[in-house]
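Structure first, then comments.
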Amino acid sequence: MRKRLSKILVTGGAGFIGSEFVRLAVQRSYKVIVVDKLTYAGDLKRLGNIKGKYNFYKTDIRNKNEIASIFNKEKPDVIVHFAAETHVDRSIQDASQFIETNIIGTHTLLEASKDFGIKRFIHISTDEVYGEIKKGKFSENSLLNPGNPYSASKVSSDLFVKAYIRTYKFPAIIVRPSNNYGPWQYPEKLIPVVIFKASHNEKVPVYGRGLNRREWLYVKDCAEGILTVLKKGAIAETYNLGSGEESPNIDTVGKILKVLGKRDDLIQFVKDRPGHDYRYALDYYKIRKLGWRPKVDLEKGIKETVEWYQQNTAWLENKVKMLRKYWESVYVS
Ligand SMILES: NC(=O)c1ccc[n+]([C@@H]2O[C@H](COP(=O)([O-])OP(=O)(O)OC[C@H]3O[C@@H](n4cnc5c(N)ncnc54)[C@H](O)[C@@H]3O)[C@@H](O)[C@H]2O)c1
């Protein structure tokens, strides 16, 4: 069967979620082009098992000329835009690169995509744009109320996308996933940090008292959700992409320790992240109406994730070598 939107250009396709999406799209016989600057967070090893099945350009999304020439050469039907600076703690230390990539980079891509006449632009946003919510859930129409520099930069890029939809009838769709976890996640994020530290019997840092709550979405479910929006989503709409798997950090850490057969006394409470959002929770009824459902619950997802890291210790240890100093700067008693 011929697909109408068969050629996808993925920005940030060497990153954690982007690479999962690229693997899925290749498996579903889409033609895929990856554009990635390969920052500290990007790694083509994530695409090792589909080598030769996608075209790759090492490019910064802020480089409009290069982006325009890639568009003209490859003639994609769709852009799925993952490329971003993504770690909240780093944005608190210095937000300048977040402004460069997440705001200026997104604007550059929007301009290039508009000039080229792209058929669809899927903008990957985040649940963090809504800020924290003590009770209830965010709908797609909730107020955008960012609580840290990372989410402020993501709100800003969302607003540019919305403005392009209205001003230029630009064919964009926004997707807002909740916290992702799974294989290949860079060990600056909670779950791989815990897996590494606990496996090595090192103290496991937990911010504050571990009471902050997150909604955990398995990365394979996230990639399927984004592909569902690409195929069935309506232009100009926004889709929350959640899982309903809400868990306080301390319980999430406890689940990982249990799978690893480690004791809770490895946990060390450290100074809380400034401005730490207490809770995120999404109403994702709208994407469920497109036929998508999360398939992997937190318990199964954590088990699979731990197993993956246990089978890929070389990759994890290599990353951690470059992270020790950084960890010392964020996890302080
Ligand atoms: N990880 C999560 O839990 C989560 C949750 C919701 C939304 N998101 C969003 O999903 C997207 C992907 O997140 P992730 O966790 O996979 O990120 P990641 O940090 O693992 O990967 C980001 C990728 O973007 C690339 N990149 C960064 N700056 C670039 C630039 N200027 N030009 C080209 N490429 C550049 C990096 O090299 C890397 O490959 C982001 O937009 C993020 O905001 C992430």
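Mind sorting His81, His87, His123 by how few other Cβ atoms lie within 10 Å of their own Cβ, fewest first?
Final ranking by Cβ density, sparse to dense: His87, His123, His81.
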>> Using only Cα atoms and rounding to the nearest 10 degrees, what angle (0 to 90) does helix 64-74 make with the longest principal axis of the chain?
In response: 70
>> Expected output is a single nm value to one decimal: the length gained when fully extending between Lys300 and Ser333, i.e. 0.36 nm times separation in residues minus the C-alpha distance. What is it?
In response: 8.7 nm
>> Could you give each residue of segment 187-200 its phi-based ³J(HN,Hα) in whole Hz, using Karplus coefficients 6.51, -1.76, 1.60 with θ = phi - 60°, and x for Gly or Pro?
In response: x, 10, 8, 3, 5, x, 4, 5, 4, 5, 4, 5, 4, 9
>> Compute a Gaussian network model of the chain, connecting alpha carbons closer than 10 Å, and tell me which residue from Asp277, Asp115, Asp43 fluctuates the most.
In response: Asp115
>> In the chain, if the dipole is taken from +1 on Lys/Arg beta carbons and -1 on Asp/Glu beta carbons about the Cα centre, which of Ile256, Val330, Trp308 is farthest to the positive end?
In response: Trp308
> How high is the FRET efficiency between Asn201 and Gln93 when r is their beta carbon distance and R₀ equals 30 Å, given to the nearest 0.05?
Replying inline: 0.60
>> With +1 on the Cβ of every Lys and Arg and -1 on the Cβ of every Asp and Glu, and nothing else charged, how large is the dipole of segment 201-317 about its Cα centre, in debye rounded to the nearest 20?
In response: 260
>> Show me, bin by bin at 10 Å from 0, the whole-percent P(r) of the chain based on Cα pairs.
In response: 6, 26, 37, 23, 7, 1
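I'd like the FRET efficiency for Lys45 and Lys119, computed as 1/(1 + (r/R0)^6) with the beta carbon distance as r and R0 of 35 Å, rounded to 0.05.
Efficiency at R0 = 35 Å is approximately 0.65.
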> Using a simple charge model, +1 on the beta-carbon of Lys and Arg, -1 on the beta-carbon of Asp and Glu, nothing else, what dipole does the chain show about its Cα centre, in debye to the nearest 20?
Replying inline: 1120
> How would you rank Phe116, Phe71, going from fewest to most other Cβ atoms within 10 Å of each one's own Cβ?
Replying inline: Phe116, Phe71
>> List the residues, sorted by chain then number, that are 5 or more residues from Val206 or on another chain and whose placed amide H is less than 5 Å from its amide H.
In response: Gln268, Phe269, Val270
>> Run the simple label-point estimate for Lys169 and Lys232 please: 7 Å along Cα→C-beta, distance reported in nm.
In response: 2.7
> 222 nm [θ] for the chain, helices only, -39500 (n - 2.57) per DSSP H run of 4+, per residue, to 500?
Replying inline: -12000 deg cm²/dmol
> Between Arg293 and Lys258, what is the spin-label point distance in nm, taking each point 7 Å from the Cα along the Cα→C-beta axis?
Replying inline: 2.4
>> With a cut-off of 8 Å between alpha carbons and a minimum separation of six or more residues, what is the relative contact order of the chain in percent?
In response: 17
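Readers should treat all values here as calculations from the given coordinates under stated rules, not as data from a laboratory. Computed from a predicted model, the values in this text were never measured in an experiment. Counting neighbours? That spans all protein chains shown, and the Cβs are built from the backbone with ideal geometry, glycine included.
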